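The values are calculated or read from the model by the stated rules, or taken from the named source; none is laboratory data. Keep in mind that this is a model prediction, so the values were computed, not measured. Because the Cβ atoms are built from the backbone with ideal geometry, glycine has one as well, and the counts that use them run over all protein chains shown. Accessible surface areas use protein heavy atoms only, side chains included; no ligands, DNA or RNA. Shrake-Rupley method; radii C 1.70, N 1.55, O 1.52, S 1.80 Å.
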Amino acid sequence: MIKENLAAIYARITEAALKAGRMPADITLIAVSKRHPVEMISEAIRAGQQDFGENYLQEAKDKITALGGQARFHFIGSLQSNKAKDAATLCDIIHTVDRLKLARELDKYAKAAGKTLPVLIQVNVGREEQKGGVLPEEAEELLGHMQDFDNLEIRGLMTMPPYRANPEEVRPFFAELRELGEGLQKKGLIATNCPLELSMGMSGDFEVAISEGATMVRVGTAIFGERE
Ligand SMILES: *Cc1c(COP(=O)(O)O)cnc(C)c1O
């Protein structure tokens, strides 16, 4: 079933990309495997899937250890600074940097691990109190302070917009993230030697996100089914 689900999602990504005049290859599907067992990740890997998203560090650690370099792991959950060491050491990219202290810790441990860690800044475009992320108007200041962190590579932005039953209503939030990212990249605060990354769109709204410029979509339920 996972194989068929993946094929269906890739077909929808291709269609949405072409409709928006974009290259399907410019969009990375992140299969969000949180709260699903490692066997399901293995099944997805056998079907050709390479990028996975995890929200909980201990769970990510167990899975990364079990799979030993067979896939790329994106950390997409909220991250406490005291978990920065494991996150920086084990994960391939962190999508949820939203404060200076966390960025500083990630840089420190990336340096200790002898690596450059790609990161995205999480932005709370919906201004929801319960959600992580910097407010749009605070992103520039955070990025300014992060320029000295030699072991972090700031690739772009990520968002978790407010839930709406109609995905079209989420479009303005995706557009806002893209405009913010483009502006920050122009100012040189986001890496300019590679295309701006925009991590946005989930099972219910990834096609809208692609039409607004998403380069990474994070899809869980539509691939692995409901979580417990
Ligand atoms: C769980 C989660 C997803 C995937 O959500 P689905 O609705 O299952 O596709 C995407 N992004 C983040 C940050 C998540 O926590």
Hey, Val38 surrounded by 15 or more Cβ atoms within 10 Å (Cβ to Cβ), of a type in the set (A, V, I, L, M, F, W, C), within 13 Å of the ligand (Cβ to nearest atom) and more than 18 Å from Pro118 (Cα to Cα) or not: no
Residue match in segment 67-78 (condition: of a type in the set (Phe, Trp, Tyr) and within 15 Å of the ligand (Cβ to nearest atom)): yes
Matching entry among Arg155, Arg227 (being in contact (Cβ under 8 Å) with a residue 60 or more places away in the chain, closer than 30 Å to Ala44 by Cα, assigned to a strand (DSSP E or B) and open to solvent by 40 Å² or more (accessible area, probe 1.4 Å)): Arg155
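For segment 15-29, state whether one or more residues are acidic (Asp, Glu) and within 15 Å of the ligand (Cβ to nearest atom).
Initially, segment 15-29 is screened for residues acidic (Asp, Glu), giving 15, 26.
From the residues that got through so far, the ones that are within 15 Å of the ligand (Cβ to nearest atom) too are none.
No; the residues of segment 15-29 include none that is acidic (Asp, Glu) and within 15 Å of the ligand (Cβ to nearest atom).
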Of all residues in segment 164-218 being in contact with a Pro (Cβ under 8 Å, 6 or more places away or on another chain) and assigned to a loop (DSSP other than H, G, I, E, B), the one that is nearest to the ligand (Cβ to nearest atom): Gly204
Failed criterion for Tyr56 (all others in (1) within 16 Å of the ligand (Cβ to nearest atom); (2) hydroxyl-bearing (Ser, Thr, Tyr); (3) open to solvent by less than 30 Å² (accessible area, probe 1.4 Å); (4) more than 20 Å from Met200 (Cβ to Cβ) hold): (3)
Hits in segment 99-131 (condition: of a type in the set (Gly, Ala, Ser) and closer than 22 Å to Asn151 by Cβ): Ala103, Ala110, Ala112, Ala113, Gly114
Segment 106-150, residues that are assigned to a loop (DSSP other than H, G, I, E, B), in contact (Cβ under 8 Å) with a residue 24 or more places away in the chain and open to solvent by less than 70 Å² (accessible area, probe 1.4 Å): Ala113, Lys115, Asn124, Val125, Gly126, Glu128, Lys131, Gly132, Gly133, Phe149
Pick from segment 177-209, criterion closer than 11 Å to Ile154 by Cα and of a type in the set (Val, Ile, Thr), ranking: surrounded by the fewest Cβ atoms within 10 Å (Cβ to Cβ): Thr192
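Would you point out the residue of segment 1-14, among those that are open to solvent by 40 Å² or more (accessible area, probe 1.4 Å), within 16 Å of the ligand (Cβ to nearest atom) and in a helix (DSSP H, G or I), that is farthest from Pro195 (Cα to Cα)?
Here is the first cut: in segment 1-14, the ones open to solvent by 40 Å² or more (accessible area, probe 1.4 Å) are 1, 3-4, 7-8, 10-12, 14.
Applying the additional criterion that residues be within 16 Å of the ligand (Cβ to nearest atom) yields 1, 8, 10, 12.
After this cut, where a residue has to be in a helix (DSSP H, G or I) as well, the list is 8, 10, 12.
Values: Ala8: 26, Tyr10: 21, Arg12: 23 Å.
Within segment 1-14, the match that is farthest from Pro195 (Cα to Cα) is Ala8.
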